[in-house]
Every structure is written in C-alpha cells, then in structure tokens.
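Accompanying notes for the structure given below.
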Amino acid sequence: MEVRSKESSGFWEKLENIDHRILYWILIVAIAIPYLRPLGIPVPVTEPVQDFYNTLDALPPGSTMILEISSGPSAYGEIGPSSEAVMEYLTKIYPEHHGGDRLRFVILSVSEQGPLMYNAYAKPKFDETGWQYGVDYAYFGFISGLETAVARLAEDIPSLLPSDYLGNDIDDLKAMDGIHSYKDIAAVMVWDSMGATEWYVKHWASKGVKVGNVCVAVSLPAYTMYYKNKDMYGFIGSSRGGAEFEYLIGKPGDAVATTDTLSLSHLWVIILIITGNIGLLVEKYFSHSKR
Amino acid sequence: MMVDYLALWRAMLIIGVFSYALWKESPYFRFCEHAFLGSALGYTLVITIKTINTTAVFPLVSEAKIIYVIPIILGIVLFLRYSNSTKWISRWPIALIIGVGTALGMRGVLYAYIISQVKATATASFMTDNALTNFNNIISVLTTILVLLFFTFTVLKGEKEGSLMFQLRKISRLMIMLTLGAFFGSITMARLTLIAGQIKELLIAFGLLTS
Amino acid sequence: MSGIQSRNIPVALVFVCGLIVTVAFFIDVPMLSSISDSLQTWAVIVSGFALGLGIVNMLAIHSRHISRKTSGQWPFSVVFILFFLAQAAPGLVDIKTLSNPIYVWVYTNIFSPLAAAMYAILGFFIVSAAYRAMRARSLEAAFVLIAGIIVMLKNAPIGAVIWSGFPVLGTWILDVPSAAGNRAVFIGAGIGTILLGLRVLLGYERGYLGGR
Amino acid sequence: MAFFVEGTVFGLIMFAIIVILALLTLQKAKQGYVREVRTLPGIEGIREAIARCAETGRPCFLTTGHGGGGLYTSRGPQHMAGIAILSLVARLTARLGVDLVTTWPFPELLPVAEDTIYQAYLMEGKPEEVRPDMVRYLAGYALAFKMGYIGQLTRENAGAAIVTGAIWPSDALQMTEPGVLIGAIQIGGAPTMDTMSMLALTCDYIFIGEELFSAGAFASEDPIQLGILFSSDIVKIGLILLMIVGVLLTMMGTNISPIFDI
C-alpha cells in the first residue's frame, strides 16, 4: 500500500475526489447559457451532409422515394430538428429548384414508435405545404418483421404493404402507381434511432438503390463506414448535422441553437479532462520529490 | 400568462429522473422509475397483443391458415414450465427461439461483420494518383491486420518481453486504444446533445425561455 | 429422463431450426425459404406469448413486496401496478387504432417524458466518466485521451474555431486508424458469433436446458 | 445459378470453411490435441469480483443488456454469450454464497436464465438456494429497463455488476456509470467498439469483440470447446492472407471486388 505523503498539495487532492454532482450542476449552467443568450458559432458543412443534399437535389422530379421513419420520442431531441429541416427542404426548396415539380414518397415504419414521429414531424409539414395524401405521398404505419420486412419490401412492395395506415387499399393510392419493387424507387431515406439503416443498406444499397439517413450520433461511426464504402449517399448526424443542413438550406433554426450549447458543454468536458491530467502530473511530481 | 400545467408536469418528471444524478436515489426518483416501468410494461403488452393479432390470430381466424395453430400452441406450451411434471415440454418453444435467433445472428454477421470488412481492406489500393490516399490505405490495412492478430487466442500470445510478437502486440494494443478514444470523442457529442434538449424543455416549462 | 422428456429433443430442435434458417440464406429452394420464413414468424409469435411469463414474473415480485409491506418499496410497487393498468387497459380497449384518450395521455405525458429524460441522463454520466477515466496514467491511456479530445474538437463547432486543423485531424483519426481498428474488431466479433452459434447448434452451450 | 441465392456464394464458401475448420479442431481436441490458449482478463475479473462480493456481503448483478433485439432476433448470439457467462457467475455465487440478481428486458430470456442458474446451483450441490427473485423481468422498452436496472442496482448496493452481451453504446454508459458511483466492481463485454469505448471508461475488466463470444468456452474450461477457438485463429490468419493477396492483386491493377459479390 503506497502511503500518500501529507504535504502533497491539498487543492489537487480535493479536485481529484470532487463530488460528481458539482460537475453535473456546472454542465447544466454551461448548457442553459446559449439558450438564454445565443452565441451563434459558425458551423462548417461536412462532406456527408453536402452529398446528402446534392443527391436529393439531383433526383429527377416525379421519382419516388422510400421514407422509413423508425425513430421515437426519446430521440426527438437529437434528430427532431434535423428531420424538420429535411422536410422543409423536401416540401418547399426541392420544388423551387425543379419548377414546382415534386417527388413522391412511400412512407413506412419498422418500429412501433415510427407513427408518433410521422405525426409529429412529417404529416404537419405535408399538410402545411398542401401536399395531397394518396397522390403525392402515402403512409403505411407500423410494419412488423424488422429486417425480414425490409428485405421483403425490396422484392415486392405491394405484398408487404397491402393497405395504408388509414385502411385504404394500395391500388386506390395514386402515389403507389407503378411501384412494385426496388427497381421503381430512386432513393431511400431513414429517420433512424434504432438501426434500421443497416437493414436498408444490406437489402437495398446492395441492389443499387441509394440509402441516406438522419441518425443519432451514437451510430455515426457505423454510417461513416457505410458512407466511405459508398453504400450510403450521405447522412445527417445528430443536431450537428442538422445545423449544417439548416445553414445549407439557408434556414438556421433549432439545430443551430443546439449546436451552440454543444460547444460550451464540449468545452466543459475538455476542461475537466485537462484538469484531471494536470492533477495527475502534480501528483507524480509530488510523489517523485518526496522519494 | 397561462401556465402550461402539462409542461410543468413533464418538467417534474424530467427533474425526477435527473434527481438520481443531481442528488441521489430518492423516493422521488423511485416514483418516476416505477411509473415508467409500469407504463412501459403496459405499452409492451398492448404492442405485443397487437403483433400477435396481426401475425397469428388474424391469419388463422379470418384467412383460415391452419398452420398458424402451431406457433400459438407452442406459445401456450411455454406456460407449462410452472409445473415440474410438464416443464420438459416448455423447452421446445424455447429451442425454436434459440435456433432461429442463432441462425439469424450467424447470417447477419457473415456479410456485415466479416465479408464487407475484408473486402474494404482487400480492395484498398496503394496505387491511386493521390499520395495521401495511398498512405491512408497502407495505414488502414496494416492496422486491421495488426489488431486482428491481437485478438488471436493461440498465436500472438506475446510470450517473451522484447520478442517480435510482444512488440506487435504492444503496437496493436495502442491502435485499439486509439480506436476507443476516437469512438469516445464521437459518442460524447450525442450525449451532450440529448441533455441540451431536456434543459431547453425545463427552461420553457419554467417560463425562462419562449419556445 | 425417459425418451420423450429427454433433453436431446430441445437440442435437436435448436439444431434443426438453426440449420434450416441458416441454409435458407444461401440455397434458393422455395420450399426451404418458406419453411425458414415461417420458423422466423413463429419465433416472433412465441416470443410474444413469452411476455406472459414476464408479466407473471413482475406482478409476482411486486405483489410479494405489497403483501410483505417491504419498507421503502411496497408503495412504489403499488405505483407500478397502477401505471401498468393505466397504460394497458385503455390500450387494450381500442387496440386497432390505439387512439383511446387515456392511452394517448399516459403515453405522451408519462412514458415519453420519462424516456427522453432517461436517455438524456447520459449527458451527466459522460461528464463524470470522462473526468475520472480520461487520465494519461500510461502510454495506452494517453492514446485514448489524445484521440478522444481531437475527435471531440472535430465534432464541436468550437473546435474549428480554436484551430482549423482539428476537423481535419479528427476526421483522419476516425476514417483511417479508428475505422481500420474497428474493422478488425468487427471481423473478430463476426467469427466469434459464428463459432458461438455452432457451439449452441451442436449443443455444447446447453446451460439453458438445466433445471428439474 | 438458380440453386444458390444470388450474391451469397462467396458467403457460403467462407461460412463452410469456418464450420469445417471448427469441426476439425473439435475432433482434434477430442483426441487430446489442445493448444495452450491465452488467458482472458475478463474471466479472472469475474472471479475476483464475486470473491469481493463474498467478503463485503453485497449482491452480484448480471444482465445481457437490451441491444435492440431479443433471443429470436439477430442479437440472439450476443444474449447467448451473456448466458454462457451467467453459468460461470452462477456457479461462483453458489460456491461462495453470494446473492445473485439478474435482470432481463426480453421475456423469452427468463426461462433460459432460470434454467441456467438452476443448472449451475445443481452442479455446486446447492439447488435449494435458488430463489425466485434471482431472475427479474424489468421491461421490454430499453430506457425503462435501464432505469429499473440502475434503481435496483443502487438500492441493493451491488458489490459487482456484470454487463456482458447485447449492449449498445447508450446501454453501456447508462448502466455502468451508476455502478461506479456506488463502488461496484464492473465487468463489461460487447461485440462492437463503439460500445467498448463506453465500457472502457467505467469497467474494471472488459471483453472486447470476439472475447465476449468465446468467454463461454473459457468459462467452461472444457478442452473441446477451447479447441474450437484454435479454428478461429486459423480463419483469422486465412483472412489476413486473403487481404494481403487482395492488396497485391489490386496493386497489379486487377479489380477483385466482384469476387466478394458472386
């Protein structure tokens, strides 16, 4: 048992065993400040977000996209603002760039939580911009089966989606005319906090259909790999990606405000790590001088 | 200014959860914990019954697909584990679950975990016109091979201090540490983003911020 | 254990189901893939029924707390049962569309706020974990520390403000050494999964068949 | 090639090689050829943790985590790896008289856990010590499961916490940082590096990637099961050679990626 000498400085000793709750309260202050007085730190746009934007903008008008909403309320804080920015782009800015023409959307959820996010983030935007349900887009609600459902969807869309979430038969939906399999889909976008993107990459990207997503930061490393292997055309990682996308479409909003708090809270973590290591050096210095 | 009682109620729940970290495990936290466990179990029960209805009962009853009797019987057989004399048969449905899960697990990793990673490494080119890409590809291939060697059970055991194997093991261990650090850096951001949303909700609930 | 009751039948069942679902991934025989699909659907259905075991388990534990009046726990077991009924009963009443007002209220005002708060509590834990563990006690720990700080400064906008090199260096660390190291661990985990799968299918991992 | 599913032939060849090698090394191990295997720090960690629980009289907690999918999903093997570790833990808690508490988010794991624990206590000759609340179902929803877990972990003042199996990065930190705050020895194990980066911050011992899946073989100390691990090494050496050959061929200009997609 190495006996700690009394003279080693008390200050670093106290700092070493500081009560973790103090660190937590200071974090709250560091996050609250930018909300009360925004700092507006600039956000450079990274490649994955730029490619995500370019790929969507390059889609020919009238082509059909699969929108997989498989995230739930617990991740709204992280991907809510990004999804809102994406919907803002799809329903307003894309038509402006293409003389008023629109894309068509086949929307579904392989997570039970998906319908909640559809009602919170997708439906309001469609209604607000006068998109016609059943003609421009159709929603099929929760589809059970996880990976197997995603695989079967690629092969035969009508067999997996016989009727939409309101009960209309698929044949009555004009949006679904000519939509049979992956061959009729231009691109896939996933609002993902449960890992559904992995299944779309495996069963759709492997067949040449581009996959992109709005995702939680914890899965960034995995999607960076898929993006590097060209399995994904891009991704919007957490609110940081959302802030970049908001700057890209010229509408800074929720995600930008969140990124400010990110900077301060990140700084707090870095300060803590540096202090911890200075404490370590001081300790080593004191125990050396003692010997 | 009309007080939004619902927002205040939701703020009290957020504070209840945060009290575990900001204070200690208290009856306030315990109430939120058990309220959450209760409503989550209720939610899971409802979703599960809905799934069983659509995947088993509906095909059996209205589409008369008799085959669906089998999974339903197997599901009921599970409950025979409560009496010792019939416990042996309750293991049959468990065997089905384990067999299917094991196979899906093995199928799932074959391409996603093994082949696409081997392919990404094996097709890394050192002859591209961009010097930096060549350098990066060399580092990537070497790192992958070294770390893979580190995880061997009988080969690279790092026998004697100073032997080549020991050095290789030391370098690959440093590469693993680098990877752990990089993941820590990218995951930290997520954690801090989520808490930001909750703090914002508290500020709005207590009127310090207009949403 | 006499014939039909013997342990070999479940082990054989694991082997047969596992074999069919595995082979169906490679061999394109309609009969085989339809059996494999139904086995997977049956596994989902049986797991659904297993929820009954979970509910019995939980209600047993909590009702035991209530009957024994375990101090500091039994009132919360009552809370648990109340909220379970408050979410389950209205949900079952209108299971088709799940639009019963009580169900929606409990989901939006109990379940979701607690879920979001519990997910966010991680922000606190990362702070204390980083302060305690990210210390350069050894060369290896220093590697973790340096890579961690650089990648963090790549992600935080303030990083680019401090030094424009952080995003570039951070991206390089993530894309080259870290991605390569991650690939090796993926390959290892993949081989490990297949070998564990084999041990289960061949019946070597049979701890789950214990009991009376 | 209608007989094979399109694009899985290379996978079938790779899968067949792994299976055949495993069966061969299995056969060799039965005949007594067993190569000496390195130790796994995590296994020693489990023994030390439960010994400490015996000294302090605190319970030992174990869970295989949520991971987004139960035993019947592709996460099945990750849960089974945790179950294999449970059989070692249960034998140790039976031998040293430590209270064992296991928590589960998926109901189909309950009978598997109960039987694994009963089997372990039977092998230690103490089947009567098995108590019903050793196996606790918490909730299918991941966040509720984790909240229930940290509540019980803290209230029952766990001395050791073993968090190995289907663990996601957010599972890892939410479940193990509270363990550090109450001073429990923690052993973590997960298949992927993003989760490991969190467990490395809070756990005293960790199983990384393949170590998690082979922990069951190490725990069983059965030379036959350890024999299979040697086949894993052969596969890895083979893959390394494949990568080197691939890189050389790519240097010579031939595009080999189609081979992986046949």
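The values are calculated or read from the model by the stated rules, or taken from the named source; none is laboratory data. The structure presented is a predicted model; accordingly, all values stated were derived computationally and were not measured. Using ideal geometry, Cβ is built from the backbone for each residue, glycine included, and neighbour counts are taken over all protein chains shown.
For residues that are within 7 Å of another protein chain (Cβ to nearest Cβ) and of a type in the set (A, V, I, L, M), scanning just the range B:73-86, find the one that is nearest to D:PRO132 (Cα to Cα). Ranking the qualifying residues of the range B:73-86, first place goes to B:LEU78.
Any residue at all in the range D:94-109 that is of a type in the set (D, E, K, R) and out of contact with any Ser or Thr (no Cβ under 9 Å at 6 or more places or on another chain)?
For the range D:94-109, residues of a type in the set (D, E, K, R) and out of contact with any Ser or Thr (no Cβ under 9 Å at 6 or more places or on another chain): present.
Condition test on C:ILE194, is it more than 10 Å from chain D (Cβ to nearest Cβ) and modelled with pLDDT of 85 or more? For C:ILE194, the condition - more than 10 Å from chain D (Cβ to nearest Cβ) and modelled with pLDDT of 85 or more - is not met.
Could you please let me know if A:LYS284 is more than 8 Å from chain C (Cβ to nearest Cβ) and part of a loop (DSSP other than H, G, I, E, B)? Criteria not met by A:LYS284. Within the option set D:GLY67, D:GLY42, being surrounded by 24 or more Cβ atoms within 10 Å (Cβ to Cβ), closer than 24 Å to B:GLY105 by Cβ and touching a Ser or Thr at 6+ places or on another chain (Cβ under 8 Å) holds for one residue only, D:GLY42. One residue alone among A:ASP171, A:ASP127, A:ASP177 is in the same structural domain as A:LEU67 (by TED's automatic domain parsing), exposed (fewer than 13 other Cβ atoms within 10 Å of the Cβ), without any contact (Cβ under 8 Å) to a residue 24 or more places away in the chain and closer than 22 Å to A:TYR76 by Cβ, and that residue is A:ASP127.
Which of the following residues is farther than 18 Å from C:PRO75 by Cβ and more than 7 Å from every other protein chain (Cβ to nearest Cβ): B:ILE52, B:ILE15, B:ILE47? Full working, then the answer.
On the way: B:ILE52 fails: more than 7 Å from every other protein chain (Cβ to nearest Cβ); B:ILE47 fails: more than 7 Å from every other protein chain (Cβ to nearest Cβ).
Of B:ILE52, B:ILE15, B:ILE47, the one residue that is farther than 18 Å from C:PRO75 by Cβ and more than 7 Å from every other protein chain (Cβ to nearest Cβ) is B:ILE15.
Against the definition (under 25 Å from B:PHE18 (Cα atoms), touching a Ser or Thr at 6+ places or on another chain (Cβ under 8 Å) and β-branched (Val, Ile, Thr)), how does C:ILE126 come out, yes or no? Yes; evaluated as a whole, the condition is true for this residue.
In the list D:THR93, D:THR102, which residue meets the criterion of being over 22 Å from A:MET194 (Cβ atoms), of a type outside the set (Phe, Trp, Tyr), within 20 Å of the chain's Cα centre (by Cα) and part of a strand (DSSP E or B)? Working first, answer last.
Details: D:THR93 fails: part of a strand (DSSP E or B).
The match here is D:THR102.
For the range D:13-30, the criterion of a residue being assigned by TED's automatic domain parsing to the domain that holds D:LEU199, hydrophobic (A, V, I, L, M, F, W, C) and surrounded by fewer than 24 Cβ atoms within 10 Å (Cβ to Cβ) is satisfied by no position.
If we scan the range A:108-120, do we find a residue that is over 19 Å from C:THR97 (Cα atoms) and in contact with a Leu (Cβ under 8 Å, 6 or more places away or on another chain)? Spell out how you get there, then give the answer.
Of the residues in the range A:108-120, the ones over 19 Å from C:THR97 (Cα atoms) are none.
For the range A:108-120, residues over 19 Å from C:THR97 (Cα atoms) and in contact with a Leu (Cβ under 8 Å, 6 or more places away or on another chain): absent.
In the condition set (1) of a type in the set (Val, Ile, Thr); (2) over 26 Å from A:SER238 (Cα atoms); (3) surrounded by fewer than 24 Cβ atoms within 10 Å (Cβ to Cβ), C:VAL161 is compliant with all but (2).
Counting only residues that are surrounded by fewer than 20 Cβ atoms within 10 Å (Cβ to Cβ) and either closer than 17 Å to C:ALA160 by Cβ or assigned by TED's automatic domain parsing to the domain that holds A:THR55 (or both), the range A:264-285 holds 1 of them. Would you mind stating whether B:ARG30 is crowded, with 19+ Cβ neighbours inside 10 Å, within 30 Å of C:ALA117 (Cβ to Cβ) and within 11 Å of chain D (Cβ to nearest Cβ)? Answer is yes for this residue. Determine whether the range A:254-263 contains at least one residue that is assigned to a helix (DSSP H, G or I), in contact with a Lys or Arg (Cβ under 7 Å, 6 or more places away or on another chain) and of a type outside the set (Val, Ile, Thr). Yes, some residue in the range A:254-263 is assigned to a helix (DSSP H, G or I), in contact with a Lys or Arg (Cβ under 7 Å, 6 or more places away or on another chain) and of a type outside the set (Val, Ile, Thr). Residues that are out of contact with any Phe, Trp or Tyr (no Cβ under 6 Å at 6 or more places or on another chain) and assigned to a loop (DSSP other than H, G, I, E, B) within the range D:6-25 comprise D:GLU6, D:GLY7, listed in sequence order. All told, B:SER116 falls short of being over 30 Å from C:ALA179 (Cα atoms) and of a type outside the set (Lys, Arg). Residues being touching a residue at least 24 places away in the same chain (Cβ under 8 Å) and either under 30 Å from C:ALA43 (Cβ atoms) or not in a helix (DSSP H, G or I) (or both) are represented in the range B:4-22 by at least one member.
From the list D:MET243, D:MET196, pick out the single residue that is within 13 Å of the chain's Cα centre (by Cα), within 7 Å of chain B (Cβ to nearest Cβ) and at pLDDT 90 or above. I'd like the intermediate steps shown before the answer.
Details: D:MET243 fails: within 13 Å of the chain's Cα centre (by Cα).
Unique residue meeting the criteria: D:MET196.
Only a single criterion out of (1) over 16 Å from D:VAL112 (Cβ atoms); (2) within 11 Å of chain D (Cβ to nearest Cβ); (3) not hydrophobic (A, V, I, L, M, F, W, C) is not satisfied by B:TYR68, namely (2). The residues in the range D:213-239 that are at the interface with chain B (Cβ under 8 Å from one of its Cβ atoms) and surrounded by fewer than 21 Cβ atoms within 10 Å (Cβ to Cβ) can be counted, and the count is 1.
Pull up the range D:95-124, narrow it to residues that are in contact with a strand residue (DSSP E or B) (Cβ under 8 Å, 6 or more places away or on another chain) and more than 10 Å from chain C (Cβ to nearest Cβ), then point me to the one that is nearest to D:LEU138 (Cα to Cα). Among those that are in contact with a strand residue (DSSP E or B) (Cβ under 8 Å, 6 or more places away or on another chain) and more than 10 Å from chain C (Cβ to nearest Cβ), it is D:THR103. Condition check for B:ILE97 on (1) surrounded by fewer than 23 Cβ atoms within 10 Å (Cβ to Cβ); (2) facing chain D (nearest Cβ under 9 Å); (3) in a helix (DSSP H, G or I); (4) of a type in the set (Val, Ile, Thr): one failure, at (1). So C:VAL104 passes all but one of these: (1) in a helix (DSSP H, G or I); (2) within 10 Å of chain D (Cβ to nearest Cβ). Which condition number does it fail? The one condition C:VAL104 does not meet is (2).
Rundown of residues vs (1) under 25 Å from the mean Cα position of the chain (by Cα); (2) without any contact (Cβ under 8 Å) to a residue 12 or more places away in the chain; (3) surrounded by fewer than 22 Cβ atoms within 10 Å (Cβ to Cβ), yes/no style:
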position: C:TRP42; (1), (2), (3): yes, yes, no
position: C:LEU51; (1), (2), (3): yes, yes, no
position: C:ILE66; (1), (2), (3): no, no, yes
position: C:LEU82; (1), (2), (3): no, yes, yes
position: C:LEU98; (1), (2), (3): no, yes, yes
position: C:PHE111; (1), (2), (3): yes, no, no
position: C:ALA115; (1), (2), (3): yes, yes, no
